[in-house]
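Since the structure comes first, as structure tokens, the remarks are kept for the end.
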Amino acid sequence: MDEIIKEFKSESEGLVQHLLAILEEAEGDFSKVRSLDTYGQIVDRIMGSSQTIAVMNPDQTTVATIGKYAELCKSIGYMGSQIQNNIELYNVTVGILLDGTEMLEQMLNSLDDKNNKTVDDFMTDRFLERLVWLAGQFDGSYRASLSTEKRSDSEMVGSQSEIDALIAHFSKA
């Protein structure tokens, strides 16, 4: 299993560098709003791999945490890619994703530690407050996943509840 974790970490570190490059290019440039969709697709690869590894090894809580956290980043990226006529919300979204992606990088670096870590070891209350605020800015018309089809209003509402559930997962009890 150690070899799988090492390979996952190596592959994910390269993906994180790509994510950071996307966000740095998008920062302050509203014409790059669709690049957040690409961000969501790439972070989805980290999410899927980590969730698969976590199922194979339930004792690996750090990998499970990375999977849930990547899912949250993916949802924010997809929702952010749909922002129209709101440069301020776009700038805040990119800023939070930059901070969040750097946090994801810290989580990946911690895989070298033999101690399993939980979200409490990475996420500050302040960052969680920012996530909650940002989630509240997206109404039910924003999708939290990749989609090429028009969704009904009832399906759109689910997108907001999906991101709310992910944030609740990270809320400290």
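Computed from the C-beta positions of Q84 and L128, the FRET efficiency with R₀ = 41 Å rounds to 0.90. Fewest-first ordering of V33, V63 by other beta carbons within 10 Å of each residue's beta carbon gives V33, V63. Each of T61, T101 has some number of other Cβ atoms within 10 Å of its Cβ, and from fewest to most they run T61, T101.
Taking other Cβ atoms within 10 Å as a rough exposure proxy, D121, D44, D2, D139 sort from fewest to most as D2, D139, D121, D44.
Of the trypsin sites (Lys or Arg not before Pro) in the range 68-141, the ones in a loop by DSSP (not H, G, I, E or B) with at most 14 other beta carbons within 10 Å are K114.
Values in this text are rule-based calculations from the coordinates and carry no lab data. Because the structure is predicted, anything quoted here is derived from the model rather than measured. With ideal geometry, Cβ positions are generated from the backbone for all residues, glycine too; neighbour counts draw on all protein chains shown.
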